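Just so you know, all these numbers are worked out from the coordinates, no wet-lab data involved. Here the structure is a predicted model, which means the values were calculated and not measured. Heads up, the Cβs are rebuilt from the backbone with ideal geometry, glycines too, and the neighbour counts pull from every protein chain shown.
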Amino acid sequence: MKNKKFFYNVLFSFIFIFSGKLFAQAEPVTDVAMVTVQPAFLSVTAKGDRAKFEEDNWTSRNASGGIANMAISKQLNKEDSLEFTGRAIAGNNDYDANLVLSREGLGSLIVAFKEFRKYFDPTGGFYSGFAWNQYNPVEPNRALHLDIGNFKIEGTLSKEDSPEYSLAYERDTRRGTKSLLEWGDVVLGATTRQLYPAVLETHETTDRVKAGVKYVTKTSEVSAEQAWESTRAKNEDNYREILTLPGGALTAQNMRLENFDSDLYTTTLRGSKDLNDKLTVSCGVLYNNYKGGSLENIAGTGSGAKNMDNPASLEQNAITVFPTISFKPFKNLAMSFGSKAEFINKNGDSDFNTSGNELINITSNTYQKIFTQNLQLKYNGMKSVVWYGDAGFEKKLIRQFEQQTSSTTASNRFSRKTDSVADTNNFTLGAKWYPLSKANISVEDNYKNKFIDNRNEFLTGDVLNGYRGYIDRLELSANSPKLKLNYKPFRWIASTLGYTYEDSVYGVRTRAGSATEVSKNKIHAYSAEVTLIPIDYFYFSLFYERRNDFTSTRADGAEGTNVQQPDYKANVDVLGFNCSYAFSKGTTLTAGFSMYKTDNFNDFSASGMPYGLDNFSQDVSFGIKHTLNKNSSLEFKYKYLNYAESSNNHINDYEAHLLSASMNMAF
């Protein structure tokens, strides 16, 4: 609390002093303010799953209107100026304001506010094995949305040949309700599927204070920044609700309450120096200290309900050093080498009360050392060809000690030490070739491999819990070549063709099996775009994208039983165009169309839940903009939206018509 009061006192003292300097007497000027205002109105007609419409388009199902854009520019006097931009749309909770006061040769003061609404669809899941008359998707009897806001005030003092000082305060907020993927059970006989929707109510606030200083000369730059961030959150969600069919009885209703708070202190130091016109060196140091804690309570009658508080805490200290060298040994060759060393220490502690009043305590200590090197180069000494490439190497060494104790059950007690080594290599080589003045070809290939080895040593007990305790080895290799062609045969036409191929192989060996199980993923992505401007008052653009995914995976089950999962296939198609036509001096027509189609549904009902979805969406729009005079214009827009999802029996389908009008006025 003392630290918070100190930061607030410094912040407001800085603002008081700076504002006094900024509004000091200066010779007035007679310039008038330049003002632009754009009032707007949006009418929405939606039917079907209107919550899904809101989630996809971040737009309220109800009418909204206000000021879509407002800008004010005013020269207060010969030294001081004011700039303001803003937006306020009632009905959609969309607000934005940014005020900048500046004085030449002294600095600036920024005050900004922003808030917007993010919508969520509360519809539960669908399973074809349950007859439609036995189970209809359940929705909470309320609309779900989060109001996300940000407030910032920042002052900068900067005089010529003097250091630049800055001080800022910022607050982020998230309030409202959202849907969760941790769904409850729907039970019919011996079949259970997680389909019942869960909802989270959250109230989160983050305060952030930053103070910095920077000094720049012709050949060097030095800066330092101190930041403090405090986050407080209260979450409440329905947990593990069970719906039993065919009667539809809802049982085992649990409510999970969680209070969370954390503090993060960060110190950043940076410096760079141009030793000569071919060599630049820089270095940065980052230190942070994190302390966080939570208090959880699960109340109710279902499995896992304890009506007891479960505390948890985490503390982390980390320091990072990252030197960099950039140099040009030859005229046409540029190179840079960067290195990074990170040292991280984490300590965690948590208590867990089971439904049988068994108290379990878990403590852990993790120490990480991460070393990274990266080399980049660019060579343009060959005619019509530019070569570039980079190579990155990372080694991560992790030592972790975990201990679990139990008040009653001996089998739940263990201690484990894990030494992990992770090596990651990343290589990219590319070229851009200009065979003709009107065409160029880009070719790039990226290769990545990663290897993780977890060496577990059980000091007491032997429990197959946790990521490091279960997975012994993980391997990944991926190759991704890319090809892109740009061709502009005439001034009025331009075209682009692109192709990307990804081939990834994953290998996992667990404690339950003696062999490495291999999964494969392949992706083909195609793209094409054509732009036409045959005359000055006509524009047309057409684009198409297609993506094909294929995944083959094996899962190592309990006691080493190898299970071949069904192959997963997915296809995505995107098609669209945009055009505009000015058929008179003051009137312009616009039109657009986009189509998005997925063919990703794979019915794995025999072995579990189906994966993916099949859907089709289209967006058709028309608009007309008419200039009334040099200071005002009027614009009308119409948009039709349609969404259909066949893989869940069309429970998320919707159709919407949007009509908007706006007027742009300048004074």
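Here's how it looks for Q253: its modeled amide H is under 5 Å from those of T301, G302, which are all 5 or more places away or on a different chain.
For region 85-190, the equivalent ellipsoid built from the Cα gyration tensor has semi-axes of 51, 15, 8 Å, listed from largest to smallest. Rg and Dmax over the alpha-carbon atoms of region 216-311 stand at 25.8, 80 Å. Compute the relative contact order of the chain as a whole-number percentage, counting only Cα pairs closer than 8 Å that sit 6 or more residues apart in sequence. Answer for the chain is 8 percent.
Using θ = phi - 60° in the Karplus curve 6.51 cos²θ - 1.76 cosθ + 1.60, the 3J(HN,Hα) couplings for region 650-655 round to 6, 6, 9, 5, 8, 9 Hz; x is entered for Gly and Pro. Largest first, the three principal axis extents of the alpha carbons in the chain are 83, 61, 60 Å in whole numbers. Principal axis extents of the C-alpha atoms in region 380-505 (largest first, rounded to whole Å): 81, 29, 19.
Shape index of region 200-270: Rg/Rh, with Rg the Cα radius of gyration and Rh the Kirkwood radius from the inverse mean 1/r over Cα pairs, equals 1.43. Counting only Cβ charges, +1 for Lys and Arg and -1 for Asp and Glu, the dipole size of the chain around its Cα centre is about 1760 debye. Starting from the 7 Å offset along Cα-to-Cβ, what nm value, one decimal, do you get for the label separation of Y537 and I319? That separation, rounded to one decimal, is 6.9 nm.
With the helix formula -39500 (n - 2.57) applied to DSSP H stretches of n ≥ 4, the chain reaches a computed 222 nm mean residue ellipticity of -1500 deg cm²/dmol. Close amide H pairs (under 5 Å, H built 1.01 Å from N) link G124 with V138, residues at least 5 positions away or on another chain.
For region 323-382, the normalised intensity computed at q = 0.22, 0.25, 0.26 Å⁻¹ comes to -0.89, -0.98, -1.01 (log10 of I(q)/I(0), Debye sum over alpha carbons, equal scatterers, no solvent). Can you pull out the GluC sites (Glu not before Pro) in region 49-121 that DSSP calls coil and that have at most 16 other Cβ atoms within 10 Å? Here the GluC sites (Glu not before Pro) that fit, given the DSSP loop and packing criteria, are E79, E104.
The amide H of L144, built 1.01 Å from its N in the peptide plane, has F120 as neighbours under 5 Å, considering only residues 5 or more places off or on other chains. Each Cα pair under 8 Å and six or more residues apart adds its separation to the average, and for region 340-471 the resulting relative contact order is 20 percent. For the pair T192 and K273, the difference between a 0.36 nm per residue extended length and the Cα-Cα distance amounts to 22.7 nm. Mind grabbing the base-10 log of I(q)/I(0) for region 240-293 at q = 0.13 Å⁻¹? Debye formula, identical points on the C-alpha positions, no solvent, two decimal places. Listed by q, the Debye log ratios stand at -0.64. Pairs spanning more than 23 Å between alpha-carbon atoms, out of K328/K383; K346/K369; K210/K291; K448/K482; K178/K210: K178/K210. For the listed peptides 116-129, 635-648, a ranking on the average number of other beta carbons within 10 Å per residue, highest first, reads 116-129, 635-648.
Rounded to whole Å, the principal axis extents of the Cα atoms in region 36-109 read 58, 20, 12, largest first. Rounded to the nearest 0.05, what FRET efficiency is calculated for V111 and T409 with R0 set to 56 Å and r the Cβ-Cβ distance? Result of the calculation: an efficiency of 0.45. Pairs over the 18 Å Cα-Cα cut-off, from the set K340/K417; K395/K450; K278/K378: K340/K417. Working note: Karplus 6.51/-1.76/1.60 with θ = phi - 60° gives region 624-631 the couplings 9, 10, 10, 8, 6, 7, 5, 10 Hz, where Gly and Pro are set to x. By the Cα gyration tensor, region 353-430 has an equivalent ellipsoid whose semi-axes, rounded to whole angstrom, run 52, 12, 8 from largest to smallest.
Choose one of Q368, A318, T268: the residue whose Cα lies farthest towards the positive end of the charge dipole of region 260-391 (beta-carbon charges +1 Lys, Arg; -1 Asp, Glu; about the Cα centre). It is T268.
Across region 287-412, the mean sequence separation of Cα contacts (distance under 8 Å, 6 or more residues apart), normalised by length, yields a relative contact order of 20 percent. Express in whole angstrom the spacing between the alpha-carbon centres of region 538-554 and region 381-397. Each part reduced to its Cα centre gives a spacing of 28 Å.
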